[in-house]
Amino acid sequence: MELTTLLFYFFSLLTIGSAIFMVFSKNIVHAAFALMFTLLGVAALYVLLFADFIAATQILVYVGGILILILFGVMLTTKGFTDNLKTLTTNLRPVSVVMTLVAAGMIYVLLTTTWPVAEIAEPEGTITGLGTLLLKEYILPFQVTGVLLLVAIIGALLMATKVKHQQ
Amino acid sequence: MENELIQWLSQPGLTHYLMIGALLFCIGITLVLTRRNVIMILMGIELILNSVNLNFIAFSRFSVITLDGHLTALFLIILAAAEAAVALAIVLNIYNRFKTIDIDEISLLKG
Amino acid sequence: MVHSFKQGWQTLKSIFTGMGITIRHFFGPSVTLQYPDERDVLPKLARSKLFVNIDDCIGCNLCARACPVNCIDIETVKAGADVDLGKTSNGSQKRLWISRFVIDMAKCMYCDLCTYPCPTDCIYMVQEYEYSDFNRDNLVYKFSNLTPEKIAEVKETARIEAEEAEKKKAEEAAAKAARASKASDSRPSSVPGAARGIPGSAKGIPGKAKGIPGASKGVPGKAQGIPGAAKSIPGKAKGIPGAAKGVPGKAKSIPGTAKGVPGAAKSVPTAAKGVPGKAKGVPGAAKGVPGKAKSVPTAAKNVPGKAKSIPGTAKGVPGKAKSVPTSAKSVPGKAKSVPGTAKSVPGKAKGVPGKAKGVPGGGAAKVPGKSTAKQVPGKKPPKENKDNNTD
Amino acid sequence: MTWLESLPLAVFVMIPLVIILIYALFAIWMERKVAGFIQDRLGPMRVGGWHGWAQSFADLLKLIQKEDIIPAEASKFLFRFAPFLMFAASYAAFAVIPFSSAYMGSNIDIGVFYLLAITSLLTISVIMAGWASNNKWSLLGAMRTAAQMVSYEVPTIMAVLSVIIVAGSLNLMTVTEMQSGNDTLGFLPNWLIFQNPFLLVAFVIFFISILAESHRVPFDLPESESELVAGFQTEYSGMRWAMFMLAEYADMLLLSLLGAVLFFGGWNSPFGGFMDGPIWGFFWFMFKGMILVFVMMWIRWTLPRYRVDQLMYLCWSILIPLSFINFVLIALWEMLF
């Protein structure tokens, strides 16, 4: 077996395993750290798919940004330590049974479908192509995302400061 | 038969990645459905977005369309960031108003 | 806007100023001393560890008294009359064996007060400051250079001598009492008054001292008082030996002490004065107080012999205060009042005698004077001397 | 394909580890010496003879012997895992640092972007350590650190981006190579910092930001002893604590080396062709990095600590706007010249 294959299985296991841990974890902070492992595993899978830039973005944005935001959210909305961080789980059994069935169905579909796979040579790096695409064909979505981000930041700031005024 | 299975296992292809994506998606949905904590639901949504991204990248890797999948994933990540920022601001507002972030108790229609 | 730029510029400027200062120190010389390898030179008068040049020590106990924390402990033993301990480097005659000279440096507070009173400059601070130890006992420094056997021997000699002196005095006192009773029938009642007069004369007029001895019933008790006097006035030792000569049997022991303790000489006379009158009265009192009764009679017997010895001492001794206690012993009642005065005014011997006077009369009968009563009969006096010394 | 790249993979990837370990031993000693000299002292003098050079070894020996204590109420797995995650994050980032013209862990195109991404794991590991300790000082320190590092990532990235638009590549090897030669103004080395006046400002921003990112004084709020005991490290002892220290020093070196690559020509000799070559390149590179490290130490023993609000004010109200303006100006300069 090749090293990449081993790595693939390792990171798949890491991804799925910590995701399942999230479902059964009672502690929200533990769940958040499990999410970190999931995100890292996904980033590793991106690397295995030759998407290095996306992988780095995944780590930078998800792990370095969103996850920290989530952790801050947890810390700000609960009062401190372990005991207060328990979360309720409802309908866990029926939902997990149903979702297992759904997953089985999806996997069945995936396995029985013949995908039009084109085996391309390993790219040398995606960053040049991405840059060109972004500034040519995708210039409009790029700009729109920029505006969206700006709006989101302003909106979030506004909401956060509003909270202060109410207090 | 066995050889085929080993062969199939030892060469991770599109299907493998899609399967992982599917599993992640299901787990994300489970989280969203079972948890009553808003932040946990947010985390479930992040999982779902990740599974979608994984699918995009996988298709982009194994099919003729090369980098468009990457770009879509990139935009998705940016969207997720914006979504998380706004969602957490909302969660903080909710917490300030209701002193809880249990989604079952936030059932007032009128502010 | 302009203001914030100004502020920013000032911040940057102050940061660079500060960094300039630190970099200058970075390249500047260091002030550290690599301690165990290099040491600072101590100032001349640095106070660190105490040292005693035991060859020069005369055992006067002044340092121990000066010490505010009582970290110095000295024990001395009188040397026999025939023993020459040599002289100190500044010419003082040594008269005491120093059986114990201990300084507890753990207690010492480095005030340096002990070094000033030393008449021979034998105790001083040395420039050694590294003597920390894991065991507190190791901080107790012993300076006496006598071996334990030597100390035991010396002590034994001193004890014997003291006893003999006591006996002598007792005999003297007895003789005098006998004489006095014959001569002065009129006196008995007026004892107190006589007491006063006599001490005064004793001081000023050596010649009178001699006469007084006859009265000195209290001699045995004096043994104790004498040592105390010895401390304060080393130089006056001379007179006492002379007194020693005259005392027959027991006289020996007393002279022995007398040599070491010049001051004691004086004390004896004082007591003597009061005694004559009392001699008579005392016996009577003796009856009333069992414990004391014994002592007094004894003294009475010895009186005759003592007369001689006491006068000799009377001459030179400034520190009378000490003497008073001595007399007190012979007369139970006096013991208490007199010692107190003795302590406070060592140099003022004169005043003390006066007090001595009052005591004899009523005091004797009323106050058994625990300590004195016991000591008088016994041969213990030599030991008691030591105790007094360490006070 | 140089001779270095033909080494077995395990040895090849271990090279930065060796460098980090030696550097950490040296830097701990150096930190104490610098502190000593600046305060007119001598610093450690006794272990090992000349100027106490073996002090770090003695410290290490002591740390190894220490008891490994885990608080009873701690979250055990996360508590154990955090120091290793932190060091792994620091170490992983060294993959894209060009130590010399002959050695670079991984010559990938996204180089500096990967570096910035992977160092954001540091923030997570700090939160992990702080929360898992189940100690209020740790948690407060961790939250402060997280806030500080997330905030200062923005000016850092902007400063790095400013360099990138001048250099035109994310690959640090390419960035270094384009700084070879000796022709700026005829006598200065061809380093980026001399090429564009606004890059000087970018460097100042970058340096302040990396001070904050590696939580050095004056931005060492996560460990501010007077208020938070030792921040997120409070509950750690022995080798786990040593891992944190190692990671911290590695982070310091990493960011200093990044600064050396981006602004001071990486492994290029300051004398043009003189004293050039892979070995000399490595020497010059480490030399430049160590000078930046020294400046960090120098600042540490000069300036007092910022308050939390001042720290955030400095970042959000001064550095970020300044870095954006600077970014635009640099882009303009590049367009015009």
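The values are calculated or read from the model by the stated rules, or taken from the named source; none is laboratory data. Keep in mind that this is a model prediction, so the values were computed, not measured. Glycine gets a Cβ as well: all are built from the backbone with ideal geometry, and neighbour counts include every protein chain shown.
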Exercise. Going by the structure shown, is residue A:94 at pLDDT below 80, out of contact with any Asp or Glu (no Cβ under 6 Å at 6 or more places or on another chain), of a type outside the set (D, E, K, R) and more than 30 Å from residue B:92 (Cα to Cα)?
Worked result: no
Problem set entry | Residue within segment C:19-39 that is within 60 Å of the chain's Cα centre (by Cα) and part of a helix (DSSP H, G or I) present | no
Seminar exercise, completed: Given (1) of a type in the set (A, V, I, L, M, F, W, C); (2) free of Cβ contacts under 8 Å to residues at least 24 places away in the same chain; (3) touching a Ser or Thr at 6+ places or on another chain (Cβ under 6 Å), residue D:252 misses just (2)
Exercise. Is it the case that some residue within segment A:62-71 is at pLDDT 80 or above, touching a Leu at 6+ places or on another chain (Cβ under 9 Å) and over 30 Å from residue D:125 (Cα atoms)?
Worked result: no
Exercise. What about residue C:99, is it outside the structural domain of residue C:164 (by TED's automatic domain parsing), at pLDDT below 85 and either part of a strand (DSSP E or B) or under 21 Å from the mean Cα position of the chain (by Cα) (or both)?
Worked result: yes
Exercise. With (1) at pLDDT 85 or above; (2) in the same structural domain as residue A:21 (by TED's automatic domain parsing) as the list, and residue A:83 as the residue in question, which single condition is left unmet?
Worked result: (1)
Problem set entry | Matching residues in segment C:76-96 - criterion: being part of a strand (DSSP E or B) and buried (at least 21 other Cβ atoms within 10 Å of the Cβ) | C:76, C:77, C:78, C:96
Exercise. Is one or more of the residues making up segment D:165-179 among the small types (Gly, Ala, Ser), in a loop (DSSP other than H, G, I, E, B), surrounded by fewer than 22 Cβ atoms within 10 Å (Cβ to Cβ) and within 14 Å of another protein chain (Cβ to nearest Cβ)?
Worked result: yes
Exercise. How many of the residues in segment D:107-131 are among the small types (Gly, Ala, Ser) and more than 9 Å from every other protein chain (Cβ to nearest Cβ)?
Worked result: 4
Exercise. Looking at residue B:87, is it small (Gly, Ala, Ser) and facing another protein chain (nearest Cβ under 7 Å)?
Worked result: no
Exercise. What single numbered condition from (1) within 24 Å of residue A:89 (Cα to Cα); (2) within 7 Å of another protein chain (Cβ to nearest Cβ) fails to hold for residue B:10?
Worked result: (1)
Seminar exercise, completed: In the set A:69, A:35, A:49, the lone residue that is over 17 Å from residue D:121 (Cβ atoms), aliphatic (A, V, I, L, M) and within 7 Å of another protein chain (Cβ to nearest Cβ) is A:49
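One line per residue, one yes/no per condition, for (1) buried (at least 16 other Cβ atoms within 10 Å of the Cβ); (2) in a helix (DSSP H, G or I):
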site	(1), (2)
D:45	yes, no
D:67	no, no
D:84	no, yes
D:119	yes, yes
D:123	yes, yes
Seminar exercise, completed: Note on residue A:74: of the conditions (1) assigned to a helix (DSSP H, G or I); (2) surrounded by fewer than 17 Cβ atoms within 10 Å (Cβ to Cβ); (3) modelled with pLDDT under 85; (4) within 12 Å of chain D (Cβ to nearest Cβ), unmet is (2)
Exercise. Right, residue B:22: more than 18 Å from residue A:117 (Cα to Cα) and either in contact with a helix residue (DSSP H, G or I) (Cβ under 7 Å, 6 or more places away or on another chain) or modelled with pLDDT under 90 (or both) or not?
Worked result: yes
Problem set entry | Evaluation of residue D:285 against (1) among the aromatic types (Phe, Trp, Tyr); (2) more than 26 Å from residue D:118 (Cα to Cα); (3) assigned to a helix (DSSP H, G or I) (one fails), failing number | (2)
Problem set entry | Residue list for segment D:292-317, filter: surrounded by 16 or more Cβ atoms within 10 Å (Cβ to Cβ) and among the hydroxyl-bearing types (Ser, Thr, Tyr) | D:302, D:306
For this session: Being more than 14 Å from chain A (Cβ to nearest Cβ) and within 22 Å of residue D:206 (Cβ to Cβ) is the filter here, so list the residues in segment D:92-104 that pass it.
Result: D:94, D:97, D:98, D:99, D:104
Problem set entry | Scope segment B:67-79; condition under 17 Å from residue A:46 (Cα atoms) and either more than 7 Å from chain A (Cβ to nearest Cβ) or buried (at least 20 other Cβ atoms within 10 Å of the Cβ) (or both); matching residues | B:67, B:68, B:69, B:70, B:71, B:72, B:73, B:74, B:76, B:77
Problem set entry | Filter result (at the interface with chain A (Cβ under 7 Å from one of its Cβ atoms) and either surrounded by 20 or more Cβ atoms within 10 Å (Cβ to Cβ) or under 13 Å from residue A:31 (Cβ atoms) (or both)) within segment B:18-35 | B:18, B:20, B:22, B:23, B:24, B:26, B:27, B:29, B:30, B:31, B:34, B:35
Problem set entry | Boolean, residue C:197 is over 20 Å from residue C:83 (Cβ atoms), surrounded by fewer than 24 Cβ atoms within 10 Å (Cβ to Cβ) and modelled with pLDDT under 50 | yes
Exercise. Only one residue in D:37, D:57 is within 14 Å of chain C (Cβ to nearest Cβ) and assigned to a helix (DSSP H, G or I). Which one?
Worked result: D:37
Exercise. Has segment D:146-159 got any residue that is within 21 Å of residue A:59 (Cα to Cα) and in contact with a strand residue (DSSP E or B) (Cβ under 9 Å, 6 or more places away or on another chain)?
Worked result: no
Exercise. Given the conditions (1) within 17 Å of the chain's Cα centre (by Cα); (2) in a loop (DSSP other than H, G, I, E, B); (3) of a type outside the set (Val, Ile, Thr), and given that residue D:88 satisfies all but one, which numbered condition is not satisfied?
Worked result: (2)
Problem set entry | Qualifying residue in segment D:143-158 (condition: assigned to a loop (DSSP other than H, G, I, E, B) and touching a Ser or Thr at 6+ places or on another chain (Cβ under 6 Å)) | no
Exercise. Scanning segment B:90-107 for residues that are more than 7 Å from every other protein chain (Cβ to nearest Cβ) and in contact with a Phe, Trp or Tyr (Cβ under 8 Å, 6 or more places away or on another chain), which turns out surrounded by the fewest Cβ atoms within 10 Å (Cβ to Cβ)?
Worked result: B:105
